[in-house]
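Enquirer: Before we start, here is the structure in question, set down as structure tokens.
A short reminder: the numbers here are calculations on the coordinates, not readings from a lab. From a predicted model like this one, the values you see are computed outputs, not experimental measurements. Quick reminder, even Gly has a Cβ in these numbers, built from the backbone with ideal geometry, and neighbours come from all protein chains shown.
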Amino acid sequence: MLLDGAVAVVTGAGTGIGREISLRLAADGADVVLTGRSTEAMEEVAELVRSAGRRALPVAMDLRDPASIEAAARAAEAEFGRVDVLVNNSGVGGPSKPMWEIDLEEWEDTFRVNVTGTFLACKAFLPGMVARKSGSVVVVGSVTGKRPLVNRTPYAASKTALIGMVRTLAWEVGAYGIRVNLVSPGGVEGERINWVLEQQAAARNITVEQARADFAEGSPLKRLVDAGDVADTVAYLASSRAAAITGDDINVSAGLAMY
């Protein structure tokens, strides 16, 4: 088992990619601290983790609230004694409209969660890893941080910011035996990509089916990505099999992005 006995924290663990990551880490042997705003969704995931024979700790945490992040870090340390893996998965899609129509509050909230929230989570959980001189941090970004997605400037800019954060942080913690990497998914099947395609269809005056086909056409495999594909890559980066990988950005996009 790739992560036998490890303790992993996953943000946004109740639904979507976060749910799949949590279950994949548990299947690979990790105990999982499930964090997010929806405790009901996390309780369901916790039961699935336990049914896989691993321990689970659901903790309410809001990336907009530094105090709740610090409290989650204390709860994880109290329950498990350490954290070996931090998966910064949680994020928001932000508005979908031309930049000049975006409110300042919408712009700042996108960065507040996607960038500042990632910073605050790292700030809360990294000191224990630094003290133990081991650990792995995986950040879930997006190929939109590297290629345009019309009417999504706050989201694109926030995901680009994560690339710089990961590369620099990898240098800051490398001497302590900690690795930091980014996973950039393409369009992942689920509610969020459905919403994006609806917005794109409305903006272009085409059907949602056509918007989906156009999106998939940019991939050599002509398909979107399953959340499980992302989870498998995160689990690999979290494990010792990726011992020589840090500061990297791995696309899980069915070829939508190749750089």
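Enquirer: Rounded to the nearest 500 deg cm²/dmol, what is the calculated helix-only ellipticity per residue at 222 nm for the chain, with -39500 (n - 2.57) per DSSP H run of length n ≥ 4?
Expert: -15000 deg cm²/dmol
Enquirer: Tally Lys and Arg at +1 and Asp and Glu at -1 over the other residues with C-beta under 14 Å from the C-beta of Phe80: what net charge comes out?
Expert: +1
Enquirer: With Cβ to Cβ distances under 12 Å as the rule, what net charge do the other residues near Asp229 carry (K, R +1; D, E -1)?
Expert: Spelling it out: positives minus negatives among the neighbours equals -2.
Enquirer: Counting only residues 5 or more places away or on other chains, whose amide H sits under 5 Å from the amide H of Ile250 once H atoms are built in the peptide plane?
Expert: Hits under the 5 Å cutoff: Leu182, Val183, Ser184.
Enquirer: Okay, next question. Of the cross-linked pairs Lys97/Lys222; Lys123/Lys159; Lys97/Lys123; Lys133/Lys159, which ones have a Cα-Cα span greater than 21 Å in the structure shown?
Expert: From the list (Lys97/Lys222; Lys123/Lys159; Lys97/Lys123; Lys133/Lys159), the Cα-Cα distance tops 21 Å for Lys97/Lys222; Lys97/Lys123; Lys133/Lys159.
Enquirer: Next question, about the same structure. Please give me the summed charge of the neighbours of Glu106: other residues whose Cβ is under 15 Å from its Cβ, Lys and Arg +1, Asp and Glu -1.
Expert: Within the 15 Å Cβ shell, the charges total -1.
Enquirer: Right, another one. So, how do all the Cα-to-Cα distances of the chain break down into 5 Å bins, in percent, from 0 on up?
Expert: 1, 7, 14, 18, 20, 17, 12, 7, 4, 1, 0
Enquirer: Please list the non-local residues whose amide H lies under 5 Å from the amide H of Val9, H modeled 1.01 Å from N, same-chain partners needing a gap of 5 or more.
Expert: Val33, Val85, Leu86, Val87
Enquirer: Going by Cα centres, the range 149-188 and the range 218-236 are how many Å apart?
Expert: Measuring centre to centre over Cα atoms gives 17 Å.
Enquirer: What is the order of Thr144, Thr35, Thr11, Thr246, fewest Cβ neighbours within 10 Å to most?
Expert: Thr246, Thr144, Thr11, Thr35
Enquirer: Give a residue-ordered list of calculated ³J(HN,Hα) values for the range 167-182 (Karplus: 6.51 cos²θ - 1.76 cosθ + 1.60, θ = phi - 60°; whole Hz; x for Gly, Pro).
Expert: 5, 6, 4, 4, 5, 5, 10, x, 5, 9, x, 9, 9, 9, 9, 10
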